[in-house]
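Encoded as structure tokens, the structure appears first; notes follow it.
The values are calculated or read from the model by the stated rules, or taken from the named source; none is laboratory data. What you are looking at is a predicted structure, and each value in this text was computed from that prediction instead of being measured. Here the Cβ positions follow ideal geometry from the backbone for every residue, glycine too, while neighbour counts run over all protein chains shown.
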Amino acid sequence: MANDFMRMYRQTLQLGLIKVVQDLFPGENLKIPHSILDGIFCELSDSVVSPREAKLIKARLSEWVQQNNEIKVLGKEGSFYKYDVDGTIIKGICPAFKDPSVIKDFDIIDFLPGFILHFMDDDNNFILPEQLSATFAETQRWLENLHLDKVKDVNEYIKEGRYLELINVAEALHEKKISNIADMILQQKRTVRIILISGPSSSGKTTFAQRLATQLKVNGLKPISLSLDNYFVNRDETPLDEFGQYDFDALEALNLQLLNEQMVQLIKGECVETPIFNFKTGTREPHGNNLQLKYDDILIVEGIHALNPNLLTSINRNYFFNIYISALFQLNIDDYNRVPTTEARLIRRIIRDEQFRGFLPERTLNQWASVRRGENSNVFKYQEEADVMFNSSLLYELNALRSFAEPLLKTVPIESEHYDAAQRLLNLLSFFEPMDIEKVPFNSILREFIGGCVYEH
């Protein structure tokens, strides 16, 4: 319910922002290209927003909230909700509150060439995500070069039977980026011994790590994978969360002392016996695996804590190459309505859970709030620790995933507490023209979720 409230809260505040910007800058068009931390990045179509103008927008938006003029819901137009905001007709993909006075906290943060609408202003440690923003900007330039601006542009390719062009160019970009990362690591071969990969759920970390390993081999390196899961403390030593449940996502759920000792030994070229954790018994096996790093060997460590500076405190940062991976960017439906990357990852997870674990969508939806709490605590706050960011989204992916996700989401019964969430995702998917997935390459990150991947998971 808290997530539903926040979605309506954000939609309501966004409606007010659109109205205020239209009044302040007649003739300009507000664009909301992507989310950024706990907010959205906004810009004007033809102008740079100055710091003074950002302050003015905040002041006018505060006035709009205080005036508390009712937002009139005019009904649905296709998959859009249609609103009358003080005489301005605005379409959105989410429900909104009729009463703007529900808005209590927000901030407008100057961030050239536009600004960030931050939905809660109680975060005194807000740090502008320079690297994340640069990754967004790079992706946006690439899409503009392809003349792909909105979801409708991809839909046209599919309707015309040209979807293979989209698949080829999207997958080629991924391969080029992975190859470039492997080249960066090769250039630092003398110092880098450990590659650390982190990202939120359903980012495609496993397939990415395996494709990176392939490119490292092309460069003459010998990658060795090491799972942080094998460094779990015994079950009876696992910390508990606020609900009294085992908190396997806590950093303290790992045996940090053993991990640090063995990483130091490996960097020195010594042989260690890495642990094997038995998930059935909840204990470490009596014997592990022998491991030693030779000159051309490089360790790949993947996990939610991989970029946490408190993970490997005994080792100099120069020995690490940090990679953050997530489905960072989706094509927008229109200038005002973006596709939330969190929703795209949830759709990925629903499909994967059913394909490989036999989980019904209700189970995945029930777990999602806990997954999100873990991401907020352990993943997102460390993303700027990365040396490089990899955007694992594919411009055609929701078109490809629609045929998998729709029948699953339709199984959620109306009496389920997750029915509204399922309907929200179905509404989102309705904007995407379905496509045949036969041509999706077998090493694609998408195959990690729909099946048919050449890599073992």
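Overview of results
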read-out	value
Top-ranked residue of segment 135-151 - restricted to ones that are in contact (Cβ under 8 Å) with a residue 40 or more places away in the chain and part of a helix (DSSP H, G or I), ranked as surrounded by the fewest Cβ atoms within 10 Å (Cβ to Cβ)	Gln140
Flag if Ala170 is in contact with a strand residue (DSSP E or B) (Cβ under 9 Å, 6 or more places away or on another chain) and either in a helix (DSSP H, G or I) or surrounded by 15 or more Cβ atoms within 10 Å (Cβ to Cβ) (or both)	no
Cross-chain or 6+ apart pairs with Cβ under 7 Å, segment 183-204 first and on the phi > 0 side of the Ramachandran plot, then among the small types (Gly, Ala, Ser) and at pLDDT 95 or above	Gly204/Ser392
Selection within segment 431-452 - assigned to a helix (DSSP H, G or I) and basic (Lys, Arg)	Arg447
Residue that is nearest to Val339 (Cα to Cα), among those in segment 398-457 that are basic (Lys, Arg) and buried (at least 16 other Cβ atoms within 10 Å of the Cβ)	Arg424
Matching entry among Asp236, Asp249, Asp229 (being acidic (Asp, Glu), part of a helix (DSSP H, G or I), within 30 Å of Leu37 (Cβ to Cβ) and at pLDDT below 95)	Asp229
Set Thr207, Thr238, Thr191: member being surrounded by fewer than 15 Cβ atoms within 10 Å (Cβ to Cβ) and touching a Phe, Trp or Tyr at 6+ places or on another chain (Cβ under 8 Å)	Thr191
Wholly enclosed strands (runs of 3 or more DSSP E) of segment 259-368 bearing at least 2 residues in contact with a Phe, Trp or Tyr (Cβ under 7 Å, 6 or more places away or on another chain), surrounded by 15 or more Cβ atoms within 10 Å (Cβ to Cβ) and touching a residue at least 24 places away in the same chain (Cβ under 8 Å)	320-326
Looking only at segment 86-107, and only at residues there that are of a type in the set (Gly, Ala, Ser) and in contact (Cβ under 8 Å) with a residue 12 or more places away in the chain, the one that is nearest to Asp4 (Cα to Cα)	Ala96
Residue that is in a helix (DSSP H, G or I), modelled with pLDDT of 90 or more, farther than 19 Å from Ala170 by Cβ and basic (Lys, Arg), where the choices are Arg424, Arg373	Arg424
Qualifying residue in segment 43-59 (condition: closer than 29 Å to Ala369 by Cβ, in contact with a Cys (Cβ under 9 Å, 6 or more places away or on another chain) and either assigned to a helix (DSSP H, G or I) or of a type in the set (A, V, I, L, M) (or both))	no
Meets criteria (of a type in the set (Lys, Arg) and either modelled with pLDDT of 95 or more or farther than 30 Å from Ser444 by Cα (or both)) for Arg317	yes
Test result for Asp229, in the same structural domain as Gly374 (by TED's automatic domain parsing) and in contact with a helix residue (DSSP H, G or I) (Cβ under 7 Å, 6 or more places away or on another chain)	no
Subset of segment 36-80 that is within 21 Å of Asp105 (Cβ to Cβ), free of Cβ contacts under 8 Å to residues at least 40 places away in the same chain and of a type in the set (A, V, I, L, M, F, W, C) - its residue that is surrounded by the most Cβ atoms within 10 Å (Cβ to Cβ)	Leu56
Filter result for the condition that a residue is surrounded by 16 or more Cβ atoms within 10 Å (Cβ to Cβ) and among the aromatic types (Phe, Trp, Tyr), over Tyr246, Tyr231	Tyr231
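Residues checked against (1) assigned to a helix (DSSP H, G or I); (2) under 18 Å from Arg345 (Cα atoms); (3) at pLDDT 95 or above:
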position	(1), (2), (3)
Leu166	yes, no, no
His174	yes, yes, yes
Lys177	yes, no, yes
Asn180	yes, no, yes
Arg190	no, no, no
Ile197	no, yes, yes
Arg211	yes, no, yes
Gln215	yes, no, yes
